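The values are calculated or read from the model by the stated rules, or taken from the named source; none is laboratory data. This one's a predicted model, so the numbers in the text were calculated from it and none came from an experiment. Cβ coordinates were reconstructed from backbone atoms using ideal geometry, including for glycine residues, and neighbour counts include every protein chain displayed. Remember, those area values only see protein heavy atoms, side chains included, never the ligands or the DNA or RNA. Shrake-Rupley method; radii C 1.70, N 1.55, O 1.52, S 1.80 Å.
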Amino acid sequence: MDRRVVTRRTALGAIGGSAIGLTAGCLGTADGDEDVLGDPEYAEGRPDPGGVSMEELPDLSGELTVYSGRSEPRIGELMEYIESEYDDFSLEVRYDDTADLVGAIEAEDETPADVFYGSETQSMTDLKDDGYTVELSEDVLDRVDEGSRDPDGHWIGFTRRYRAVAYNTEAYDADDLPDDIFAYAEDDQFTGDIMWPPDQGSTQAFLTAMIAIHGEDETREWVETLTEEQDAEISPGGDSGLAQAVTDGEVSVGLTNHYTLADGPGDAYDITFTSGDAGAMYNATGGTVMADSDDQSTAEAFVEHLVSAEAQEYFATTTWEYPTIDGVEPIEEVPATDEFEPPEFDLNELADPEPAQEILRDVGVPF
């Protein structure tokens with residue numbers, strides 16, 4: 001099979017985009033007339049990424065169907081880039097809500113999906129537990145750090161997404177804010193001035209992590225106190241709505257995810273982190289190969305492409321998420337990971353959100 005040969009620098013120039021270009025849904029132009037993702041000048045000055053280049057991975061051929069819980073505006077250009085690199089390879093990507101895709105797989109007699117691309121680990125663990133996925137090879141699993149892969153070897157993380165505390169910079173400096181998640185439910189300074197999005201899967205995963213790390217009783221008390229004593233507002237529009245509310249000063253503090261920075265809410269918006277507790281937990285986007293796939297070897301090779309040097313650089317500079325391989329640094333606009341301390345726990349413990357949802361129901365929090 002003929003493959004267009006590119007150097008690593010050419011490949012990175014072709015896919016190292018910016019959040020601005022991605023959000024706008026437009027393409028920039030490099031030297032000459034070549035179309036590139038986002039703004040090619042945005043990532044200038046970054047070191048060449050480490051890891052394994054796509055050029056060193058097995059060629060892709062045939063047809064693959066991907067069920068993606070990540071949206072097309074976030075990853076569509078990368079999918080198109082990978083497909084364009086191989087003359088005899090085609091991708092069909094079905095974009096939808098993660099839960100709806102899991103439901104579709106469960107309803108299908110034999111799913112046409114070769115790869116499931118999860119927006120968080122819960123969905124991938126659910127599919128693994130129900131026998132829908134297969135174990136990946138050690139070579140693929142070893143591409144990422146141990147904290148970003150399934151201990152049973154069925155899924156691999158593409159990016160990490162951290163919980164964060166958003167704040168209005170006209171109301172607070174980062175040093176003014178506590179690094180203890182429980183303080184946000186107890187400190188009177190936040191009464192009537194804090195927001196959260198309990199309907200978001202990432203928030204329910206955070207509560208699930210809180211149960212795993214701190215216990216169900218302490219988690220229930222935290223939700224009750226945040227709701228009843230702090231009078232926490234519920235975001236009118238998920239994490240994006242929360243970011244805008246904090247920017248506009250409707251509230252001064254919000255409990256959210258670090259990547260809200262990528263949406264450019266404004267100079268009045270910034271984030272900080274708690275340390276060593278559930279408030280600093282991370283989740284991972286990632287992929288798994290489906291047991292019903294007729295071409296599991298190609299499906300696994302495709303998954304491996306998403307932890308290549310080029311793909312990880314794309315994620316870092318375009319989605320502002322944290323890479324899962326050594327040698328690719330997060331973009332400088334997000335805090336370095338040595339600035340906070342995430343808790344240690346097994347991401348598989350996030351698989352069942354029902355205990356967290358039960359607490360929300362009991363306390364009377366709509367979600």
How much length, in nm to one decimal, is gained on full extension between residue 129 and residue 186, taken as 0.36 nm per residue of separation minus their Cα-Cα distance? 16.7 nm
Checking understanding here: applying a Kyte-Doolittle mean of at least 1.6 and a length along the axis of at least 27 Å (C-alpha), which whole DSSP H helices in the chain pass? none
What are the ³J(HN,Hα) couplings of segment 285-291, residue after residue, when phi is run through the Karplus curve with 6.51, -1.76, 1.60 and θ = phi - 60°? Round to Hz, x for glycine and proline. 7, x, x, 9, 9, 7, 5
Beta carbons within 10 angstrom, averaged per residue: use that to sort the peptides 357-367, 164-174, highest first. 164-174, 357-367
Accessible area expressed per residue, the chain, with surrounding protein chains retained (probe 1.4 Å, Å²): 41 Å²
When the helices in the chain are scored as -39500 (n - 2.57) per DSSP H run of 4 or longer and the sum is shared across all residues, what 222 nm value do you end up with, to the nearest 500 deg cm²/dmol? -8500 deg cm²/dmol
For segment 111-119, just list the computed ³J(HN,Hα) in residue order, Karplus coefficients 6.51, -1.76 and 1.60, θ = phi - 60°, integers in Hz, with x standing in for Gly and Pro. 5, x, 5, 8, 9, 10, 10, x, 7
So residue 268 and residue 172, fully extended at 0.36 nm per residue minus their Cα-Cα distance, gain in nm 33.6 nm
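Using a cut-off of 12 Å between beta-carbons, work out the net charge of the residues near residue 108 (Lys and Arg +1, Asp and Glu -1, residue 108 not included).
-3
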Show the residues, 5+ positions off or on another chain, whose built amide H is closer than 5 Å to the amide H of residue 276. 341
Less than 10 Å Cβ to Cβ from residue 255, Lys/Arg counted +1 and Asp/Glu -1: what total charge do the surrounding residues give? 0
HN-Hα couplings for segment 169-184 via Karplus (6.51, -1.76, 1.60; θ = phi - 60°), in whole Hz with x for Gly/Pro, come out as 5, 7, 9, 9, 9, 4, 5, 7, 9, x, 9, 10, 4, 6, 5, 5
In Å, the Kirkwood hydrodynamic radius from C-alpha pairs for segment 41-183 sits at 18.2 Å
Between residue 107 and residue 275, Cβ-based FRET efficiency (R0 56 Å, step 0.05) works out to 0.85
Multiply the residue gap between residue 294 and residue 240 by 0.36 nm, knock off their C-alpha separation, and tell me the result in nm, one decimal place. 15.5 nm
Check residue 269: other-chain or 5+ apart residues with amide H under 5 Å from its amide H, H built from backbone geometry? 169
I need the per residue convex hull volume for segment 201-275, using only the alpha carbons, in cubic angstrom as a whole number. 98 Å³
Local charge sum around residue 238 (other residues, Cβ-Cβ under 12 Å, Lys/Arg +1, Asp/Glu -1)? -3
Checked against the positive end of the charge dipole of segment 118-222 (+1 on Cβ of Lys and Arg, -1 on Cβ of Asp and Glu, about the Cα centre), the farthest of 137, 211, 174 is 137
If the label point is 7 Å along Cα→Cβ of residue 55, which residues in segment 283-324 have backbone nitrogen under 13 Å from it? 309-310
What is the distance in Å between the Cα centres of segment 296-367 and segment 204-227? 20 Å
Which far-off residues, 5 or more places away or on another chain, put their amide H under 5 Å from the one on residue 290, with H placed in the peptide plane? 115, 116
What is the spread of the Cα atoms of segment 141-193 along each of their three principal axes, largest first, in whole Å? 45, 22, 17
